[in-house]
Amino acid sequence: MRWVTIVALFACGGGVALGALLFPPQAPDAVTETVQTYEVQPVARSYDDARNEAVTLAVQPDQDVFGAAVTGVITDVNCRLGQPIASGEVLYRVGNSPVVGLTTKVPFWRDFSAGVKGVDVESLQEELERLGYSVSKSAVVDSQTRKAVGELQVASGMKRTGVLKLESIVWVPQGSEPVNACHLVPGALVSAGDKVVTLQGALSSVTVPPAGDIAEEDNARVAVFEEVTAEVPKDGNITDPAFLLEITQSSKFQRWLGEQTEPFTVATRFAQPFETIGVPPGAVLTVTDVLGCVVSDGQTVSVSIVNSELGTVFVIPKIPVATVTVPAVETGLQCG
């Protein structure tokens, strides 16, 4: 009787165990979280990508200016450090005779008397015209040129002769920079061809690094320094004379020349602002760092990604969109 009871219990227990193996308990259904999408109206904004860029400045070596073909004692000096030599004005005096600095393309190598012809004459005529004298660029010292020279002589305190002699003029290279050193000292003896002034090396170009984002053929970038704006060429090298001059004459450039420890910066922007729309980051499906798409009215619209700030991504859509879907990834759509 006792044995039967044990066997019965064992059999009953084994049946329970076997049932547990053959018929395991079913797991509960998985809980699926549904993310709801919603529509957002984009915010329009003009975008010019204004930024300060560290640029590369190409500065030529310093350039010396040599004295007029006259020897004597210096009695007066009009040489100012940090300032360009003023063309058409007296630079210094030897004895009682003024010596005028003139900026031309071609160096002076002979006297300009009646009938002289050549490219040096034409270069002189161009400068006289720029200074406001009435003269034609005939490349010949004619009566009109002699009249203009005479007026320059009177304005400079010379005797009017109409003949411009090498003893009364100093050639100043065109596009000359501010004076770095003045070697003229009142009371000192100066001889023909002596070094009288050292000019700061000319700034020949400013190179702007590539923008690295949106670069459209029909929307160039421009560089701005103080009051002057110049277009940035495709190679980034700016050689615009007015732009270079504005930089050269700035105190910022003079400090940079003296130290050159910090990068020189200029402001850049697009010539014409882009019209962008601002959308939440979740509205954009990205393809690359600058390309992607948004979902609008159940369709994908390609966009150029311009910038992001304060939780907003600014993009340029290929076609206008009234609303965008957020989060775009939940639509299951992909950029085409």
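The values are calculated or read from the model by the stated rules, or taken from the named source; none is laboratory data. No experiment lies behind these values; they were computed from the predicted model shown. So basically every Cβ, Gly included, is an ideal-geometry build from the backbone, and we count neighbours across all protein chains shown.
Looking only at segment 43-74, which residues are within 16 Å of Gly101 (Cα to Cα) and assigned to a strand (DSSP E or B)? Talk me through it step by step, then tell me what you get.
Taking segment 43-74 as the starting set, the residues that turn out to be within 16 Å of Gly101 (Cα to Cα) are 63-70, 74.
Scanning segment 43-74 gives Gln63, Asp64, Val65, Phe66, Ile74.
Condition check ((1) part of a strand (DSSP E or B); (2) under 14 Å from the mean Cα position of the chain (by Cα)) across all residues:
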residue: Ala223; (1), (2): yes, yes
residue: Thr229; (1), (2): yes, yes
residue: Pro233; (1), (2): no, yes
residue: Glu246; (1), (2): no, yes
residue: Gly258; (1), (2): no, no
residue: Val266; (1), (2): yes, yes
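Restricting to segment 313-333, what's the tally of residues that are closer than 14 Å to Ile277 by Cβ and either surrounded by fewer than 15 Cβ atoms within 10 Å (Cβ to Cβ) or in contact with a Lys or Arg (Cβ under 9 Å, 6 or more places away or on another chain) (or both)?
The total comes to 5.
Of all residues in segment 241-267, how many are over 14 Å from Ala54 (Cβ atoms) and either modelled with pLDDT under 90 or surrounded by fewer than 17 Cβ atoms within 10 Å (Cβ to Cβ) (or both)?
Final tally of qualifying residues: 12.
Working only within segment 268-291, note down all residues that are within 26 Å of the chain's Cα centre (by Cα), crowded, with 16+ Cβ neighbours inside 10 Å and among the hydrophobic types (A, V, I, L, M, F, W, C).
Correct list: Phe270, Phe274.
So, in segment 292-311, exactly how many residues are touching a residue at least 40 places away in the same chain (Cβ under 8 Å) and either surrounded by fewer than 16 Cβ atoms within 10 Å (Cβ to Cβ) or farther than 16 Å from Arg45 by Cα (or both)?
Initially, segment 292-311 is screened for residues touching a residue at least 40 places away in the same chain (Cβ under 8 Å), giving 292-293, 304, 306-307.
Subset that is either surrounded by fewer than 16 Cβ atoms within 10 Å (Cβ to Cβ) or farther than 16 Å from Arg45 by Cα (or both): 292-293.
Total satisfying the criteria: 2.
So in segment 211-221, with the set limited to residues that are assigned to a loop (DSSP other than H, G, I, E, B) and surrounded by 15 or more Cβ atoms within 10 Å (Cβ to Cβ), which one is modelled with the lowest pLDDT? Show your work before the answer.
Residues of segment 211-221 that are assigned to a loop (DSSP other than H, G, I, E, B), as a first pass: 211-220.
Next, only the ones that are surrounded by 15 or more Cβ atoms within 10 Å (Cβ to Cβ) stay: 211, 214.
Details: Ala211: 72, Ile214: 57.
By that ranking, first place goes to Ile214.
Looking at Val119, Val154, which is the one that is over 26 Å from Gln200 (Cα atoms), under 39 Å from the mean Cα position of the chain (by Cα) and surrounded by fewer than 19 Cβ atoms within 10 Å (Cβ to Cβ)? So that I can check it myself, show each step before the final result.
Numbers: Val154 fails: under 39 Å from the mean Cα position of the chain (by Cα).
Criteria check complete, one pass: Val119.
For the subset of segment 177-186 comprising residues that are of a type in the set (A, V, I, L, M) and outside any loop (DSSP other than H, G, I, E, B), which member is modelled with the lowest pLDDT?
The first filter runs over segment 177-186 and keeps only residues of a type in the set (A, V, I, L, M), leaving 179, 181, 184-185.
Next, from what is left, pick out any that are outside any loop (DSSP other than H, G, I, E, B): 179, 181.
Working: Val179: 91, Ala181: 94.
Ranking the qualifying residues of segment 177-186, first place goes to Val179.
So Leu131 ticks every box in (1) closer than 30 Å to Ser251 by Cβ; (2) in contact (Cβ under 8 Å) with a residue 60 or more places away in the chain but one. Which box is left unticked?
It is condition (2) that Leu131 fails.
Every residue, every condition in (1) among the aliphatic types (A, V, I, L, M); (2) more than 30 Å from Ser251 (Cα to Cα); (3) modelled with pLDDT under 95; (4) in contact with a strand residue (DSSP E or B) (Cβ under 7 Å, 6 or more places away or on another chain), yes or no:
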{"residue": "Val94", "(1), (2), (3), (4)": "yes, yes, no, yes"}
{"residue": "Pro98", "(1), (2), (3), (4)": "no, yes, no, yes"}
{"residue": "Leu124", "(1), (2), (3), (4)": "yes, yes, no, yes"}
{"residue": "Val140", "(1), (2), (3), (4)": "yes, yes, no, yes"}
{"residue": "Lys147", "(1), (2), (3), (4)": "no, yes, no, no"}
{"residue": "Ala188", "(1), (2), (3), (4)": "yes, yes, no, yes"}
{"residue": "Gly193", "(1), (2), (3), (4)": "no, yes, yes, yes"}
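Looking at segment 268-291, which of its residues are without any contact (Cβ under 8 Å) to a residue 60 or more places away in the chain, assigned to a strand (DSSP E or B) and of a type in the set (A, V, I, L, M, F, W, C)?
Matches in segment 268-291: Val284, Leu285, Leu291.
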